[in-house]
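Asks: I'd like to ask some things about the structure below.
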Amino acid sequence: MRVLVLNCGSSSLKFQLIETSREQIAQNNDRVLAHGAVERVGSDDAKFTYQMAGREKEEKQQAVKDQKQAIQLAFDHLTAPGGALSHPQDVEAVGHRIVHGGEAFHESVIIDDRVLKDIEKLSDLAPLHNPENLKGYYASRELLPDAKQVAVFDTSFHQTMPPRAYLYGLPYEFYERDHIRKYGFHGTSHRYVSWRFAMLHQKKRADYKLITCHLGNGCSVCAIDHGKSIDTSMGFTPMDGLLMGTRPGEIDPGAVLYLAQRDPDGAQGMEKLLNHKAGLAGLTNSTGDMRDIQKRSAEGDQRARDAVDVFCYRVIQFIGSYATVLNGADAILFTGGIGENSSEIRAQVCQGLTWLGVELDAAANDQARGKDARITTEASKTPVWVIPTDEELLIARDTFRCIEGIPHP
Ligand code: ADP
């Protein structure tokens, strides 16, 4: 089955055309036929990139007024003569990344009218994300009326968390009436890497207790007990938990109140601060890009050093907490742009985990960059692995499984 995977953000579109089937999933050889992105959607100088398997990457700047035009641009390239598809109808299904599935969705689903209503209702909880994700759905439904559409949620993997992990210490009516609770995000990534780790060992996810660390621009840690998420560091929104590129992670709500009372823009000002100006960017007065911060730290910039220390300290804290919650972990996995590529950050985190019997293999750690690799010695009591994430692949597989009625593993 050829599945188009769409990830629509507020000003970007990422897409991949993936060929998958029961056999390809079993043999882990699903094929990416083409992939691309549109950045700065809504502007006169949007950047379009596109690459077909085995061909040169194409790049151009042009006006792209909205998500529909961005998806049309992707189709035009996918169906160009000699392109990845001879006709748009060759796309049998579209898999959409939807950020918030609330308590309504425990797994990926085919989008019908009822599902659509529920996702729209959930826009209240994710006003920055769900409406954007849905723009991709409406556009692709119009452009591909015959294709089935499937929603894959960032939150659904964490719906197995017990109340002791997801309830906040607020009057209960705030949970019942306003749905204020921990939801957790990055579920597709945590689910993918835990599956991949088990697969590399010819076992099932249900055979392990794992701590997965997704460290990218957004960062979260997840405690996975025999295949089920039982706690995760992001909360009601993706702002909580670890220090991130531009988000603060854990912060005393009293500090937020204090600032909100003094901010002339009130809640709006706080939203900007907490989503875009905090985290690594806030601490270093920079972009929040870890590579830049590490470079500045190596050059002796003390604020950059402190920021890296705060970042690693939080990761160590959460891993320690989840090792306790799980009553011991069989392995720790790193993924995401930082987790997959930065041997320095991994080494600094592992230094704080010797009590778990973590013994880093420095050479293996230095060589592990964007590929599946164990980075601890054979003797290490808790093995630590790098497993590159592939959320698009999991979205394509979920889409295929939903349509074929195959249970999700
Ligand atoms: P997103 O969460 O937006 O998908 P990524 O997972 O691509 O982002 O992660 C982006 C982060 O990964 C950035 O902070 C970037 O600096 C960092 N990163 C990428 N490569 C490296 C590297 N070699 N060393 C350190 N950090 C890296």
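Asks: Tell me, what is the per residue accessible area of region 116-185 in Å², probe radius 1.4 Å? Please list the in-between numbers first.
Replies: Details: 3470 Å² over 70 residues.
For region 116-185, the per-residue accessible area is 50 Å².
Asks: To continue, here is another question. Size of the dipole of region 1-112 about the Cα centre, Lys and Arg at +1 and Asp and Glu at -1 on the beta carbon, nothing else charged, in debye to 20? Before the final figure, lay out the partial values.
Replies: Working: 12 positive and 16 negative charges, 47 e Å.
Here the size comes out at about 220 debye.
Asks: Region 258-337: D in µm²/s via Stokes-Einstein (Kirkwood Rh, Cα pairs, 37 °C, 0.692 mPa s)?
Replies: On the way: Rh = 14.9 Å.
Estimated diffusion coefficient is 220 µm²/s.
Asks: Mind ordering 72-82, 215-225 by average Cβ neighbours within 10 Å, highest first?
Replies: Values: 72-82: 16.2, 215-225: 24.6.
Descending packing order for the listed peptides: 215-225, 72-82.
Asks: State the Cα centre-to-centre distance between region 369-397 and region 24-82 in whole Å.
Replies: One Cα centre to the other: 28 Å.
Asks: Follow-up. By its C-alpha gyration tensor, with a ≥ b ≥ c as the square roots of the eigenvalues, how is region 44-106 shaped: rounded for a/c under 1.5, else prolate for a/b larger than b/c, else oblate? Walk me through the numbers before you get to the answer.
Replies: Details: a/c = 2.20, a/b = 1.42, b/c = 1.55.
Oblate, because a/c is 1.5 or more while a/b does not exceed b/c.
Asks: Using the beta-carbon distance between residue 57 and residue 292 and R0 = 25 Å, what value does 1/(1 + (r/R0)^6) give for FRET efficiency, to the nearest 0.05? Present the calculation step by step, with values, prior to reporting the outcome.
Replies: On the way: r = 24 Å, r/R0 = 0.95.
Step by step, r from the Cβ atoms, then E = 0.55.
Asks: Next up: Based on the alpha carbons, how large is the Rg to Rh ratio for region 102-216 when Rh follows Kirkwood?
Replies: Numbers: Rg = 16.6 Å, Rh = 16.3 Å.
Using only Cα positions, Rg/Rh for region 102-216 is 1.02.
Asks: Taking the Cα centre of the chain as origin and charging only Cβ (+1 Lys, Arg; -1 Asp, Glu), how large is the dipole, in debye to the nearest 20? Can you show the working numbers first?
Replies: Details: 46 positive and 55 negative charges, 78 e Å.
Result for the chain is approximately 380 debye, rounded to the nearest 20.
Asks: Dimensions of region 1-60 along principal axes (Cα, Å, largest first)?
Replies: Here the Cα extents, ordered largest to smallest, are 43, 26, 14 Å.
Asks: Give the carbon-plus-sulfur fraction of the accessible surface of region 288-331 in %, rounded to a whole number; probe 1.4 Å, heavy atoms of protein chains only.
Replies: Working: 1020 of 2260 Å².
Heavy-atom surface of region 288-331 belonging to carbon and sulfur, 1.4 Å probe: 45 percent.
Asks: Using the alpha-carbon centroid of each, what span in Å lies between region 224-259 and region 153-200?
Replies: 12 Å
Asks: Packing-wise, with mean Cβ within 10 Å as the measure, how do 39-50, 255-266 rank, highest first? Mind dumping the intermediate values first?
Replies: On the way: 39-50: 17.0, 255-266: 11.4.
Per-residue mean Cβ counts within 10 Å order the peptides as 39-50, 255-266.
Asks: Mean shadow of region 253-389, computed from the convex hull of its alpha carbons, in nm²?
Replies: Working: hull surface 39.9 nm².
Taking a quarter of the hull surface, the average projection is 10.0 nm².
Asks: Work out which helices of the chain, taken as complete DSSP H runs, extend at least 18 Å along their axis over the Cα atoms and score a mean Kyte-Doolittle of -0.5 or more, then list them. Could the numbers behind the result be given before it?
Replies: Numbers: long enough: 130-143 (20 Å, -1.31); 187-200 (20 Å, -0.19); 302-325 (34 Å, 0.30); 391-404 (20 Å, 0.00).
For the chain, where a helix must reach 18 Å along its axis and average at least -0.5, the hits are 187-200, 302-325, 391-404.
Asks: Testing the spin-label approximation: label points 7 Å from Cα along Cα→Cβ at residue 65 and residue 299. State their distance in nm.
Replies: Here the answer is 4.3 nm between the modelled labels.
Asks: Suppose the Debye formula is applied to equal point scatterers at every Cα of region 194-337; what is log10 I(q)/I(0) at q = 0.16, 0.18 Å⁻¹?
Replies: The Debye formula, applied to the Cα set alone, gives -0.88, -1.02.
Asks: Go ahead and estimate [θ] at 222 nm for the chain from helices alone: -39,500 (n - 2.57) per DSSP H run with n ≥ 4, summed, over the residue count, rounded to 500.
Replies: -11000 deg cm²/dmol
Asks: For the chain, compute the orientation-averaged projected area of the C-alpha convex hull (one quarter of its surface), in nm².
Replies: Values: hull surface 84.2 nm².
Convex hull of Cα atoms, orientation-averaged projection: 21.1 nm².
The values are calculated or read from the model by the stated rules, or taken from the named source; none is laboratory data. All values reported here derive from a predicted model rather than from experimental measurement. With ideal geometry, Cβ positions are generated from the backbone for all residues, glycine too; neighbour counts draw on all protein chains shown. Side chains are part of the model used for accessible areas, which takes the heavy atoms of the whole protein and leaves out ligands, DNA and RNA. Shrake-Rupley method; radii C 1.70, N 1.55, O 1.52, S 1.80 Å.
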